[in-house]
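Structure record follows, encoded as structure tokens.
Each reported figure results from applying straightforward, stated rules to the coordinates on display, with no laboratory input. Treat the numbers as computed from the prediction; the structure is a model and nothing was measured.
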Amino acid sequence: MDNREKYEHWRDTAVYDLETADAMMLSGRYLYVVFMCQQAVEKLAKGLYVLHKGEEPPRIHNIWKVFDRTFDIQTFDEQTRERLEEYYSTFDELLAYYISERYPSYKSVLSQSITAEKAGEVLCKTKEVFSWLESLGK
């Protein structure tokens, strides 16, 4: 597979995860909504890494670090850098959902704080970020 095909594989998997987040929202499994949001954005970021760097992505889950290793942020125009700064907090929040899903003590605490409203907000913001990240793969 060439880098574009590898990117498309990562992207397809990320889209599947985002669709799963939608399904979890409909079924009321709010902790899994936010976890699948994290998975979708992480996989898309890793796909961009493969596309732009031509090598396998780092085995980390911190979306910001994957993104930072993919792009020289200083080459972005001011508007893109501002948008990235806005999305940094989303990347950070999503990482917390990844960690909580993997560690049972965090999972029990977090599951009590993820309401339908919060899951909906995270899902909406994730779709916005996802769309922007996709534009970087065109």
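Summarised as an ellipsoid, the chain has semi-axes of 25, 16, 14 Å, derived from the eigenvalues of the Cα gyration tensor scaled by 5 and square-rooted, with the largest first. Per residue, the chain reaches -27500 deg cm²/dmol at 222 nm when only DSSP H runs of four or more residues are counted, each adding -39500 (n - 2.57).
The string of couplings for the stretch 33-42 from the Karplus curve (6.51, -1.76, 1.60, θ = phi - 60°) is 4, 5, 5, 5, 4, 4, 4, 4, 5, 4 Hz, one whole number per residue in order, with x for Gly and Pro. Looking at this model, which pairs from K6/K127; K43/K138; K43/K65; K53/K125; K43/K125 are more than 18 angstrom apart at the alpha-carbon? Long pairs (Cα-Cα over 18 Å): K6/K127; K53/K125. Against the chain, whose longest principal axis is taken from its Cα atoms, helix 3-27 shows a tilt of about 20°.
Counting only alpha carbon atoms, the long axis of helix 78-102 and the longest principal axis of the chain meet at about 50°.
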